[in-house]
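Here the structure comes first, spelled out in structure tokens, and everything after it is commentary.
The values are calculated or read from the model by the stated rules, or taken from the named source; none is laboratory data. All of these numbers come straight from a predicted model, not from anything done at the bench. Here the Cβ positions follow ideal geometry from the backbone for every residue, glycine too, while neighbour counts run over all protein chains shown. The area values use the complete protein model at the heavy-atom level, side chains included, leaving out ligands, DNA and RNA. Shrake-Rupley method; radii C 1.70, N 1.55, O 1.52, S 1.80 Å.
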Amino acid sequence: MSDINTISPHLKKRRRAEWLFRAYGLAAIIFCFLAVAVLFTSIISKGYTAFRQTHITLPVNFDASIIDPDGTKNVDTLMAADYQQLVKKALLDKLQIKPEDKPTRKRAMDLLSHSADTELRDLIIANPAIIGKTQDVSLTASDNVDAVLKGTIDRTVPEADRQISDQQLAWIDQFSKDGKITKDFNTKLFTAGASSQPETAGLWVAILGSFYMMLTVILIAVPLGIAAAIYLEEFAPKNRITDFIEVNVNNLAAVPSIVFGLLGLAIFINGFGLPRSASLVGGLVLSLMTLPTIIIATRAALGSIPPSIKEAALGVGASKMQMIFHHALPLAVPGILTGTIIGLVRALGETAPLLMIGMVAFIVDPPKSILEPATALPIQIYMWATSAERGFSERTGAATIVLLLFSFVMNAGAIYLRRKFERRW
Amino acid sequence: MDQKLANSMPRILAHDVNIYYGEKHAIKNLSVEIPDRAVSAFIGPSGCGKSTFLRSINRMNDTIASCRMTGEVLLDGKSIYAPDVDVVQLRSHVGMVFQKPNPFPKSIFENVAYGPRIHGLAKNKTDLEEMVVNSLKKASLFEEVKDRLNASGTGLSGGQQQRLCIARAIAVNPEVILMDEPCSALDPIATARIEELIDELKQNYCIIIVTHSMQQAARVSQRTAFFHLGTLVEYGETNDIFTSPKDKRTQDYITGRFG
Amino acid sequence: MQSSHVFIVLLVLAIAAFVVGRVRVLQLRNAGQSVHSLPFYHGMYFAICTSLLPILVLGLWMVASHYTINSWVTSALPQDILAQSQGDRSLSISMIDSLAEKSNMLSASEIATLRAGGDAATTILTQHNIGLSQNPEAFVIDAALHKTALVQSAAWIISALCLMLAMLGFYYAWRKQSEDLRTRNIVEELFRYVLMAASSIAILTTAGIVLSVLSESIAFFKSVPIASFLFGTVWDPRFSAAGAEASAGQFGLLPLLWGTFFITIVALAVAIPVGLTAAIYMSEYASSKMRGFTKPALEVLAGIPTIVYGFFALTTFGPFLQSAGAKAGLDISPNSVLSAGFVMGVMIIPFVSSLSDDILSAVPNSLREGSYGLGATQSETIKKVVLPAALPGIVGACLLAVSRAVGETMIVVLAAGIAANLTANPFKPVTTITVKIVSQLTGDLEFNSPQTLVAFALGLTLFVFTLGLNVLALHIVRKYREQYE
């Protein structure tokens, strides 16, 4: 005879199996947390340095005979002046290098970014009054100098294997001793377009392109998706065509995104003759891709509205349209918003279809309209990730951080809006 | 009594109505005359078709895709299924109150104002406010909510919610009010208030009420129709039905043998 | 007039018509008439009558104009040009297009200079920023001017037509309007058609995918036999630059197919065990507090763009595996199957776990209680009762995960190999279908060469394959849901 207090030896084994099973589950969850942690630390540690950029401060003599020999202060003259010469003079004077010593001169010039002359030009255009004066100007340092100061270039490596010479290192040390080297917030990262030099490359064109595309998706996919969902949920008769549409919507939600890119290439670019690389085309492709997500979310939201509310509206003599637009749709707003923003975040990070329609392009000037060539944030990440220069590696990380920040802001917005619109019934 | 009701012209006249849900034959060859300014009760066991027939009087069945119907329903002598009838207009003449109180998740004011608004009944804001207040008064809810017309309709108690739904229905000036078991979700005290209200409203409206409770039918109605398995078994003066039913099925039901 | 301007004009007209319709019916109502529909609907009726037809005409024209005008221009070209090879002809046509784009800015004398040719013509081209590599021949100039003229006159005709239709529509609405006109019913009926049209976009998209991918694939199969594509074991498309002689390449699908599946298998080997056990823990064991912070963590994983995973695999995980392998004496390539597959697996975990979570919570509690009632432990209940009951749904979820892995692009573009190897060694790189679609379509390739068209054949393969998986998986999941509803 056994009573409930006797523990059979068999039970011990079963208890252990139970414990083990739980442990597996917990391990899986810990694995997920680890994955999140590793991913984020890896990306942040790679990218955070790019938000600061090294500058070298030099006393520059804005020599009127070089910039504006006639003294007209005409903008065209100012734009065309040889600012490179100003940079050169300032640097050589500071480091006391003879202009005839060509190799040393070149090495010294390599300390500064190629954009140093345009920086001077922009200063003059903004304030022509400084012509003829000498002023301390903070100029963008070259990629290699930046790397030395951020510790990415190892000083202990033999000179021959290093991208920066001992002499250049000595100069850098001299500059830092004088307090002439500063690390400032990297505004160029957010204001510049594409560049072959990492230190002058920025995300502005990509951010603008992504913004235009999101706008297109919001203007096209959201109304179309909601309209389609209303029809399917409230009007469509139960027949084969409706079934077919449903299968289509569900399948499209799972079609690989690259296939949408092929569609965009064949139809929008080759068929309708829309310009390659334009954010309009990207937006259209992303709209088609996002549409199923919005349709499915809106249908679910409409479907979860209690039928009693719908009947109440019909009962007082509202037409079906009035019932939907006055009652059902406003109540479905939280669900629709959530689905839409999930779709938008996915569209924001989508890369493959944009590769197909030629958004991989070297674009320096920000697009003025949705018909002009642009890139997108994820495309910029792709392009920088596949570039060889060291400076692009940290910028890829930075671009990734920016992209993730945008998606988090959008997600947070979704949560806020959902809370705000949430109603009980 | 019978004589008096028969003399007044019937408000609603159904002739040879058949309703099908897909394969199911829910209402069989039903013909009935429903008088104005009186309460008619539909009683019968669950699934006997009384709600289905009620919903065919304001064409709420149109919203169910699988539902078909034949026969005629006349409102004031005009067929409500005629092709030129606008179902939305019809529902402003035949209001409905549902089983579960279903106020819109909006303010009390908006709940009542919605109907007049979509039918364009009010010329201006004061007009609309007057209509809302009048309807709430007729539904004897005004005194309880007059200080919080902007509070949510869903915050009221169950009985108040149902009276709000009645106010909402009468705000569009219907001639007929259909009530589908309006008290089944309410407690006895709230039920008593609604029944009182129904009694007052019958002076101005033709009211049809579907109910599970025979006592309620006996209390509020002048006429009673007994439904069984999709057919109208017996229809007549409420007193007669409850005291001397002609059909055996009616007798079995009111004496509690089934249902 | 540009189409966008016409569109704006039509919108303004529609708004004006709305106001007129509304005011007119308000007058009727104030005169004591009983009006069927609300003034809003009368306004809408006017706006729709005025603008619907012209907007449709305009939309159709915007879709068709590029193709129509190009075919008119092409058909007017001299015979000897039309007889040229396809490559030369498309070169001429692109020259015509770039010239036509800017021909508005050229004066008559400049065009004459252009005709004369020489350095003066080249100067004009650079002055107006016209991207031609050589001075245009006479027929190119003619065709470009012809095209410009066509575009302009077509724009005027369409604008005039739209305005006329708008006027007629407004007149129609004016005549029709009365207090009895059921404008609400008309407007709502029309709107229902708009909704219906919106829902047909889903079908149109699928049709667009199938037609576009299929037609380009057929063009590809004209130069490469279908059998040598499907059963070829060598992938060597050879590079063909624009204008160069087309060199024959080998387009064997099998190495790509194998690479795709190899990486998918590794990814699923990570995603399914982890995702499924995580889902089981979450739905059966976890307290609501734990769910409260675990779910967001998984959602974070799900919300990370795949390019970010690709970047991680490329710069962190691949090199890490390589150095770890070197310590263990293994030769692991930095873009090995293992690294791409593992990272892809991590990406798919939230997908598997959220689908499985839904499916497990659809299993009715009565089944669990039945098992507890017999004295089973929780894990026994899950293993013997819940999982078998949920099996069909879980299989469906896994199939969807396979479809996701097969179609994933950015991780493999960055982290998998370029060379098409037929290898079973997970430490070696392989390449996938999606990688090759990207590499065949990026860069300056001639569009009609087999090297480019093969991307569409690959796309078709991918689409057909994932379509099959999706339809099957969605069917299984749907059947499963219905079982417990």
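Ignoring solvent entirely, what values of log10 I(q)/I(0) come out of the Debye formula for region C:254-484 at 0.15 Å⁻¹ when each Cα is a single scatterer?
Computed log10 I(q)/I(0) values: -1.02.
Is there a simple number for the mean count of other chain Cβ atoms within 10 Å of the Cβ of residues in A:261-274, and what is it? Please report the intermediate quantities before stating the final value.
On the way: counts 6, 13, 10, 2, 9, 10, 5, 2, 1, 5, 5, 6, 6, 1.
Per-residue shielding by partner chains comes out at 6.
How big, in percent, is the set of alpha carbon pairs in region A:50-186 lying more than 28 Å apart?
Working: 1954 of 9316 pairs.
That fraction is 21 percent.
Test of understanding: express the Cα radius of gyration of region C:333-442 as a ratio to 2.2 N^0.38 Å, with N the residue count.
Values: Rg = 19.6 Å, N = 110, 2.2 N^0.38 = 13.1 Å.
In units of the globular-protein estimate, region C:333-442 measures up at 1.49.
Go ahead and run the numbers for FRET between B:T255 and B:A82, Cβ-Cβ distance against an R0 of 35 Å, rounding to 0.05. The partial results should precede the final answer.
Values: r = 42 Å, r/R0 = 1.20.
Calculated transfer efficiency: 0.25.
When the Karplus curve 6.51 cos²θ - 1.76 cosθ + 1.60 is applied with θ = phi - 60°, which whole-Hz ³J(HN,Hα) does each residue of region C:249-261 get, with x for Gly and Pro?
So the Karplus estimates, Gly and Pro as x, are x, 10, 10, x, 6, 4, x, 5, 4, 5, x, 4, 6 Hz.
Across every pair of different alpha-carbon atoms, what Kirkwood hydrodynamic radius in Å does region A:204-421 reach? Provide the component values of the computation, followed by the final result.
Values: mean 1/r = 0.0535 Å⁻¹.
Averaging 1/r across every pair of different Cα atoms and inverting gives 18.7 Å.
Once the cut-off is 21 Å, how many percent of the Cα-Cα pairs in region C:280-374 end up in the long-distance tail?
52
Assigning unit charges at the beta carbon (Lys, Arg +1; Asp, Glu -1) and nothing else, what dipole magnitude in debye, to the nearest 20, does chain A show about its Cα centre?
On the way: 41 positive and 36 negative charges, 390 e Å.
Computed about the Cα centre, the dipole is about 1880 debye.
R0 = 41 Å: FRET efficiency of C:S215 with C:A269, Cβ-based, nearest 0.05? Walk me through the numbers on the way to the answer.
Details: r = 38 Å, r/R0 = 0.93.
Step by step, r from the Cβ atoms, then E = 0.60.
What full-extension length gain, to one decimal in nm, is calculated for B:A65 and B:S46 as 0.36 nm per residue of separation minus the Cα-Cα distance?
Details: separation 19, 0.36 × 19 = 6.84 nm, distance 2.21 nm.
Full extension of this stretch gives 4.6 nm more.
Scale the Cα Rg of region C:378-460 by the rule-of-thumb value 2.2 N^0.38 Å and send over the ratio, two decimals. Mind dumping the intermediate values first?
Numbers: Rg = 19.3 Å, N = 83, 2.2 N^0.38 = 11.8 Å.
Here the Cα radius of gyration is 1.64 times the empirical estimate.
For a quick check of understanding: with a 1.4 angstrom probe and all protein chains in place, what accessible area in square angstrom does A:E372 have, to the nearest ten?
About 70 Å², ignoring ligands and nucleic acids.
At 1.4 Å probe size, put A:W204, A:W19 in order of accessible surface, largest to smallest.
Working: A:W204 95, A:W19 170 Å².
The ranking, largest first, comes out as A:W19, A:W204.
Can you list which of the DSSP-assigned H helices in chain A have a Cα extent of 24 Å or more along the long axis and an average Kyte-Doolittle score of at least 1.0? Don't skip to the end; give the middle numbers.
Details: long enough: A:9-47 (57 Å, 0.68); A:204-230 (38 Å, 2.21); A:279-303 (34 Å, 1.64); A:329-349 (29 Å, 1.61); A:390-421 (47 Å, 0.58).
The answer, listed by residue number, is A:204-230, A:279-303, A:329-349.
Report Rg/Rh for region A:241-322, rounded to two decimals, where Rg is the Cα radius of gyration and Rh the Kirkwood radius. Before the final figure, lay out the partial values.
Numbers: Rg = 18.3 Å, Rh = 15.4 Å.
Value, to two decimals: 1.18.
In terms of modelled amide H atoms, which long-range or inter-chain residues lie less than 5 Å from the amide H of B:I209?
B:S40, B:A41, B:F42, B:M179
Label chain C by shape, choosing from rounded, prolate and oblate, from the square roots a ≥ b ≥ c of the eigenvalues of the Cα gyration tensor; if a/c is under 1.5 it is rounded, and otherwise prolate applies when a/b is larger than b/c, oblate when it is not.
oblate
With label points built 7 Å along Cα→Cβ from the Cα atoms of A:D154 and A:K12, find their separation and express it in nm.
Calculated label separation equals 5.5 nm.
Interface C/A, total buried accessible area with a 1.4 Å probe, nearest 100 Å²? All intermediate terms of the calculation are to be shown ahead of the outcome.
Numbers: alone 26190 and 23460 Å², together 42900 Å².
Approximately 6700 Å² gets buried when C meets A.
Given a Förster radius of 22 Å and the C-beta distance between A:F211 and A:I415 as r, what FRET efficiency does 1/(1 + (r/R0)^6) yield to the nearest 0.05?
0.55
Whose amide H sits under 5 Å from the amide H of A:S142, counting only residues 5 or more places off or on another chain, with H placed in the peptide plane?
A:L112, A:S113
Return the loop-located trypsin sites (Lys or Arg not before Pro) in region B:156-259 (DSSP other than H, G, I, E, B) with at most 12 other Cβ atoms within 10 Å of their own Cβ; answer none if there are none. Don't skip to the answer; put the middle values down first.
Working: sites: B:R163, B:R168, B:R193, B:K202, B:R219, B:R223, B:K246, B:K248, B:R249, B:R257; in loops: B:K202, B:K246, B:R257.
Here the sparse-neighbourhood loop sites are B:K246, B:R257.
With only alpha-carbon atoms in the gyration tensor, what are the semi-axes of the equivalent ellipsoid for region B:189-259, in Å, largest first?
Details: eigenvalues 105, 35, 23 Å².
Over the Cα atoms of region B:189-259, the ellipsoid semi-axes are 23, 13, 11 Å.
Calculate the spin-label point distance for B:E130 paired with A:D82, positioning each point 7 Å from the Cα along the beta-carbon direction, and give it in nanometres.
Each label point is offset 7 Å from its Cα along the Cβ direction, giving 9.0 nm.
Step through the table entries A:K188/A:K368; A:K46/A:K106; B:K50/B:K137; A:K310/B:K28; A:K102/A:K177; B:K100/B:K123, compare each Cα-Cα distance with 23 Å, and write down the pairs that go over it. The partial results should precede the final answer.
Numbers: A:K188/A:K368 19 Å; A:K46/A:K106 31 Å; B:K50/B:K137 30 Å; A:K310/B:K28 28 Å; A:K102/A:K177 26 Å; B:K100/B:K123 32 Å.
Correct reply: A:K46/A:K106; B:K50/B:K137; A:K310/B:K28; A:K102/A:K177; B:K100/B:K123.
Take the alpha carbon gyration tensor of region C:3-180, find the square roots of its eigenvalues, order them as a ≥ b ≥ c, and report rounded if a/c is under 1.5; if not, report prolate when a/b exceeds b/c, else oblate.
Working: a/c = 4.87, a/b = 3.23, b/c = 1.51.
Because a/c hits 1.5 or more and a/b exceeds b/c, region C:3-180 counts as prolate.
Cα convex hull of region A:371-411: mean projected area in nm², to one decimal?
On the way: hull surface 14.0 nm².
The orientation-averaged projected area of the Cα hull of region A:371-411 comes to 3.5 nm².
Cα-based Rg (one decimal) and Dmax (whole number) for region B:118-194, in Å?
Here Rg and the maximum Cα pair distance are 13.0, 40 Å.
For the pair B:K137 and A:K238, how long in nm is the line joining their label points, each one 7 Å along Cα→Cβ?
4.8
Compute the label zone of A:W19 within region C:381-403: residues whose backbone N is under 19 Å from the point 7 Å along Cα-to-Cβ.
Flagged as within label range: C:381.
Give me the mean projected area, in nm² to one decimal, of the convex hull enclosing the Cα positions of region A:190-277. Mind dumping the intermediate values first?
Working: hull surface 33.4 nm².
Averaged projected area of region A:190-277's Cα convex hull equals 8.4 nm².
To the nearest 10 square angstrom, what accessible area does A:D136 show with a 1.4 Å probe?
A:D136 has an accessible surface of roughly 90 Å² with all protein chains in place.
Starting from the Cα gyration tensor of region C:71-164, take the square roots of the eigenvalues, sort them a ≥ b ≥ c, and report rounded, prolate or oblate (rounded when a/c is under 1.5, otherwise prolate if a/b is larger than b/c, else oblate). Intermediate values should be presented prior to the final figure.
Numbers: a/c = 2.34, a/b = 1.27, b/c = 1.84.
Because a/c hits 1.5 or more and a/b fails to exceed b/c, region C:71-164 counts as oblate.
For all pairs of alpha-carbon atoms in chain A, what percent lies in each bin of width 10 Å, listed from the first bin to the last filled one?
4, 16, 19, 19, 15, 12, 8, 5, 2, 1, 0, 0
Note down the Stokes-Einstein diffusion coefficient of chain B in µm²/s, whole number, using a Kirkwood radius over alpha carbon pairs, 25 °C, and 0.890 mPa s. Don't jump to the answer; show the numbers that get you there.
Values: Rh = 18.9 Å.
Taking Rh from Cα pairs, D becomes 130 µm²/s.
Taking the square root of 5 times each eigenvalue of the Cα gyration tensor, what semi-axes in Å does the equivalent ellipsoid of the protein assembly as shown have, largest first?
On the way: eigenvalues 893, 345, 192 Å².
One finds semi-axes of 67, 42, 31 Å for the protein assembly as shown.
Which of the listed residues, C:L99, C:T381, C:V477, is farthest toward the dipole's positive end in chain C, when Lys, Arg count +1 and Asp, Glu count -1 at the beta-carbon?
Comparing the listed Cα positions along the dipole, C:T381 ranks first.
What is the magnitude of the charge dipole of region A:155-241 about its Cα centre, with +1 placed on the Cβ of each Lys and Arg, -1 on the Cβ of each Asp and Glu, and no other charges, expressed in debye to the nearest 20?
Values: 8 positive and 9 negative charges, 54 e Å.
That gives a dipole near 260 debye.
Can you tell which of C:A455, C:F293, C:Q322 lies farthest toward the positive end of the dipole of region C:254-484, using +1 and -1 charges on the Cβ of basic and acidic side chains (Lys, Arg; Asp, Glu)?
Going by the charge dipole, the pick is C:F293.
Plugging the Kirkwood radius over Cα pairs into Stokes-Einstein for region A:148-191, at a temperature of 20 °C and a viscosity of 1.002 mPa s, what D comes out in µm²/s? Write down the numbers at each step before the final one.
Working: Rh = 12.1 Å.
The diffusion coefficient I find is 178 µm²/s.
If eta is 0.890 mPa s and T is 25 °C, what Stokes-Einstein diffusion coefficient results for region A:164-241, Kirkwood Rh from Cα pairs, in µm²/s? Don't skip to the answer; put the middle values down first.
Details: Rh = 17.8 Å.
It comes out at roughly 138 µm²/s.
Looking at the protein assembly as shown, what % of its DSSP beta bridges pair antiparallel, to the nearest 5? Kindly include the intermediate steps, with their values, before the conclusion.
Numbers: 42 of 59 bridges.
Within the protein assembly as shown, antiparallel bridges account for around 70 percent of the total.
Over all residues in C:203-214, what is the mean tally of Cβ atoms on other chains that come within 10 Å of each residue's Cβ?
Neighbouring Cβ atoms belonging to other protein chains average 6 per residue here.
Averaged over its residues, how many other protein chain Cβ atoms are within 10 Å of peptide C:187-196's Cβ atoms? Intermediate values should be presented prior to the final figure.
Details: counts 2, 5, 1, 0, 4, 6, 1, 2, 13, 8.
Taking the mean over all residues of the peptide, I get 4.
Evaluate the Kirkwood expression for the hydrodynamic radius of region A:116-233, namely the inverse of the mean inverse distance over all pairs of different C-alpha atoms, and round to one decimal in Å. Kindly include the intermediate steps, with their values, before the conclusion.
Numbers: mean 1/r = 0.0536 Å⁻¹.
Across region A:116-233, the inverse of the average 1/r is 18.6 Å.
Of the listed peptides C:54-66, B:51-63, what is their order by residue-averaged count of other C-beta atoms within 10 Å, with the highest listed first?
Working: C:54-66: 15.8, B:51-63: 21.6.
Answer by packing, highest mean first, reads B:51-63, C:54-66.
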